[in-house]
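The values are calculated or read from the model by the stated rules, or taken from the named source; none is laboratory data. These figures come from a predicted structure and were not determined experimentally. Positions of Cβ are backbone-derived with ideal geometry, glycine not excepted, and every protein chain shown enters the neighbour counts. For the accessible areas, the whole protein counts, side chains as well, though only heavy atoms, and no ligand, DNA or RNA atoms are used. Shrake-Rupley method; radii C 1.70, N 1.55, O 1.52, S 1.80 Å.
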Amino acid sequence: MASVLPTAASPLEQAPLQVDLTPLPPMDLLASLWRGLEARADRSFFLSWPWIGTWLESIDCRPELLITRLDGEVVGLALVHARLKTRHRLLPVWTLYLHQTGDDDQDVITIEYNDVLADRRCRDRVRAACMRFLVEHGAFGGREVGEVVLGGVDAALRGQIEGLGRPVHERAAAGSAVVDLSALRASGLPFLDSLKASTARRIRRSIALYEERGKLELKAASDVDEALDFFDRCGAMHQERWTARGRPGAFAYPFFVAFHRRLIRAALPHGAVELVRIAAAGEPIGYLYNFIDRGRVYYYFSGFRFDDDNRLKPGLVSHALCIDRHLERGMDAYDFMAGDQRYKLELGQPGARIVSLAVQRPNWMLAAERPLRRLKQALSVARQRG
């Protein structure tokens, strides 16, 4: 029998990683550093420089840079910010955020697929080293951090963090849905034919009803000015729907509007965002705001004109037309991202579970909070049973 010799570990597997926390460098230097690593990383749009650079230009605080090196080469980058948060109106705790500010009015832009930007050759090692550093390194900017918040991360990250031996609390969670455009293209099926018969029937009926009014068309904004106009009109439709439900809507937050107007100006000329209008007989029935990155379409925001006739489905029709557009353009996936809304799973297949995790460091205030949280949960269960 031939003997099998052990495979020698590559230098990337053997060399130690060096993780450091540094003040934020000038924007031009950081942009060059970030874009250089992007070319060697498998990452989402939310870790691309258009999003990160726009975020840094928009926020009112100055994060610190977490940088990981391997034999002197940069293999990991992340931005973290510590903010003092008062819990239960009693417990002031310095809390560390990954690619967020800790200010609800600014974090309303909602990052998803959050992570460390890491060289694909050693991604798992870099991520593990950075998570360990964040959880175990107590002082950030001279402040003793009691909790680390990882918002909008893949739920698969939780197991790795729990291995560090710290309490992990899931603050929020949602499923996601994706249309695999590559598989659909290979099957040769039109998008509607790939859906459940009942869903396809509702969409076809709605399309037919709209076309009784006139031609149904999808138009992508051709320049920044038109995109900003679409964005504002999309926001007006969005607000009308949400305020009718007694909810504020995203456009009620000035930071949300200013951030995305800045992002559209920066990213649309490079094809990294798109604003599309769907109209019947020239009258808009909906707008979609998507991110475009590495063959993936990320559906982010929308506004629809709803009608008294509930057979008209502006959302389903708008998405169906946009999915057809990107199927023809050769894109790989149409990602609805986080959210458990029914329509997402009607049009796509289940994707990653997106969560917000809070990891607690040794801290007497947080230790005192845990029994209070258990008591609150027990009281809630008792009320439900009684």
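Data overview
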| quantity | calculated |
| --- | --- |
| Separation between Cα centres of segment 309-326 and segment 86-135, rounded to whole Å | 35 |
| Percent of alpha-carbon pairs separated by more than 19 Å within segment 252-307 | 38 |
| All-pairs alpha carbon distance profile, segment 216-353, 10 Å steps from 0, percent | 11, 42, 39, 8, 0 |
| Cut-off 12 Å between beta-carbons: net charge of the residues surrounding residue 251, Lys and Arg +1, Asp and Glu -1 | +2 |
| Dipole magnitude of the chain, debye to nearest 20 (Cβ charges: Lys/Arg +1, Asp/Glu -1, about Cα centre) | 1400 |
| Sites residue 204 and residue 108, calculated FRET efficiency, Cβ-Cβ separation with R0 35 Å, nearest 0.05 | 0.45 |
| Local net charge near residue 173, Cβ-Cβ under 12 Å (Lys/Arg +1, Asp/Glu -1) | 0 |
| Lys/Arg +1, Asp/Glu -1 at C-beta; segment 200-333 dipole; positive extreme among 216, 246, 279 | 246 |
| Computed lengthening from residue 182 to residue 225, 0.36 nm per intervening residue step minus Cα-Cα distance | 12.3 nm |
| Top of 189, 157, 288 by mean-square fluctuation, Gaussian network on the chain, Cα under 10 Å | 189 |
| Net charge over other residues, Cβ less than 9 angstrom from the Cβ of residue 348 (K, R count +1; D, E count -1) | -2 |
| Three semi-axes of the equivalent ellipsoid, segment 153-238, Cα gyration tensor, whole Å, largest first | 38, 23, 15 |
| Label-point gap, in nm, between residue 22 and residue 294 - each point 7 angstrom along Cα→Cβ | 2.4 |
| Residue 302 accessible area, 1.4 Å probe, all protein chains in place, Å² to nearest 10 | 20 |
| Sum of -39500 (n - 2.57) over DSSP H runs of 4+, divided by residues of the chain (222 nm, nearest 500) | -12000 deg cm²/dmol |
| Of all accessible heavy-atom area on segment 62-138, the percent that carbon and sulfur account for (1.4 Å) | 46 |
| Listed residues 348, 102, 188, most fluctuating in the chain (Gaussian network, C-alpha, under 10 Å) | 188 |
| Relative intensity, log₁₀ I(q)/I(0), of segment 84-214 from a Debye sum that treats every alpha carbon as a point, q = 0.16, 0.17, 0.18 Å⁻¹ | -0.93, -1.00, -1.08 |
